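Chemist: Can you read through this structure? Questions will come right after.
The values are calculated or read from the model by the stated rules, or taken from the named source; none is laboratory data. Values in this document were obtained by computation on a predicted structure and should not be read as measured data. Here the Cβ is made from the backbone with ideal geometry for all residues, glycine too, and neighbour counts use every protein chain on show.
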Amino acid sequence: MTPPELHILESAEAAARAAADFVAAAAGTQVSRRGLFTIALSGGSTPRRLYELLALPPHVGSVDWERWHVFWSDERCVPPDHQDSNYRMAWDALLDLVPVPAANIHRVRGEGSPAEAAKQYQEEVLQLFAPSAPAFDLVLLGLGEDGHTASLFAETDGLREKRRLVMANWALHLQGYRITFTFRLINAANAVAFLATERSKAEVVRQVLQPAPNLPLLPAALVRPTLGTVHWFLTRDAAALLK
Ligand code: 6PG
């Protein structure tokens, strides 16, 4: 695996802007090459500004939105209009404002049975990439202060999953399921981009990027695409503890 490429910016706004430029450039390259762009959006709060910037000039008018297929790298088990829904956040910040065809917006049916939602989502991923094995052009990821990414939390079944591409992962600390891409699907991606901007993430960024040899790897450190590249869009604050 090629070493991660670090993009360290002065502010959260600059990091979001650099990430938006990166996403738009990746989309342009893939659309020129294959006529479509497959992306998995990350959830949480950090990527909201990134999505908002994609829905503004210069990207709003230059990106070939009709060629995008949008998925989510994880989703909470809530309806699409719920305040915790990752779909709702991306819809409000970006997808309601750009002409990605409705059929190309692949929402996780988080309101139903978690197991059913994961099974159906895996089918939808397989169908899009058939007959090839699924390999997203770009998977966006966030980083929790505990080192989780997507909904792959330490000490959950998701960390040991080798077969499935999408699963309902029971998170004891949440007392609930999350629907999440597995490492198998994430690590098949052509590119992965993390976005972490808060000073409170500095310690976990260091532990993920510069792990102590005697400690177990955090979940986000298990993102090691077989052939793809990994990019980190960080602020100086979030990168403050990197040597
Ligand atoms: C989710 C995310 C999760 C998130 C991190 C960081 O559904 O919550 O996918 O992995 O990216 O927890 O969240 P913040 O950006 O809110 O710090």
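Chemist: Across the range 85-114, which residue is farthest from the chain's Cα centre (by Cα) among those that are among the small types (Gly, Ala, Ser) and under 18 Å from residue 59 (Cβ atoms)? Write out each step before concluding.
Modeler: Looking only at the range 85-114, we keep the residues that are among the small types (Gly, Ala, Ser), and these are 85, 90, 93, 102-103, 110, 112-113.
After this cut, where a residue has to be under 18 Å from residue 59 (Cβ atoms) as well, the list is 90, 93.
Details: 90: 12, 93: 15 Å.
Within the range 85-114, the match that is farthest from the chain's Cα centre (by Cα) is 93.
Chemist: If you scan the range 195-234, which residues turn out to be touching a helix residue (DSSP H, G or I) at 6+ places or on another chain (Cβ under 7 Å) and either small (Gly, Ala, Ser) or under 15 Å from residue 145 (Cα atoms) (or both)?
Modeler: Correct list: 195, 196, 197, 208, 211, 218, 219, 220, 221, 234.
Chemist: On to the next question. Looking at the range 1-66, what helices (runs of 4 or more DSSP H) fall wholly within it and have at least 2 residues that are within 16 Å of the ligand (Cβ to nearest atom) and among the hydrophobic types (A, V, I, L, M, F, W, C)?
Modeler: Result: 12-34, 48-54.
Chemist: Does residue 149 satisfy the condition of being of a type outside the set (A, V, I, L, M), out of contact with any Phe, Trp or Tyr (no Cβ under 6 Å at 6 or more places or on another chain) and closer than 29 Å to residue 9 by Cβ? It would help to see each step written out before you state the result.
Modeler: Numbers: of a type outside the set (A, V, I, L, M): yes; out of contact with any Phe, Trp or Tyr (no Cβ under 6 Å at 6 or more places or on another chain): yes; closer than 29 Å to residue 9 by Cβ: yes.
Spelling it out, residue 149 is indeed of a type outside the set (A, V, I, L, M), out of contact with any Phe, Trp or Tyr (no Cβ under 6 Å at 6 or more places or on another chain) and closer than 29 Å to residue 9 by Cβ.
Chemist: So residue 79 ticks every box in (1) crowded, with 16+ Cβ neighbours inside 10 Å; (2) away from the ligand (no atom under 13 Å from the Cβ) but one. Which box is left unticked?
Modeler: Failed condition: (1).
Chemist: Between 178, 184, 164, 160, which is at pLDDT 95 or above and within 11 Å of the ligand (Cβ to nearest atom)?
Modeler: The unique qualifying residue is 178.
Chemist: Of all residues in the range 219-243 being in contact with a His (Cβ under 8 Å, 6 or more places away or on another chain) and farther than 14 Å from residue 187 by Cβ, which is surrounded by the most Cβ atoms within 10 Å (Cβ to Cβ)?
Modeler: So the residue we want is 233.
Chemist: Looking for whichever is surrounded by 15 or more Cβ atoms within 10 Å (Cβ to Cβ), within 15 Å of residue 134 (Cα to Cα) and touching a residue at least 60 places away in the same chain (Cβ under 8 Å) here; the options are 185, 165. Which one fits?
Modeler: The conditions single out 185.
Chemist: Can you confirm whether residue 197 is more than 18 Å from the chain's Cα centre (by Cα), farther than 20 Å from residue 1 by Cβ and either within 14 Å of the ligand (Cβ to nearest atom) or of a type in the set (Phe, Trp, Tyr) (or both)?
Modeler: Criteria not met by residue 197.
Chemist: Could you go through the range 72-87 and let me know if any residue there is in a helix (DSSP H, G or I), out of contact with any helix residue (DSSP H, G or I) (no Cβ under 7 Å at 6 or more places or on another chain) and at pLDDT 95 or above.
Modeler: yes
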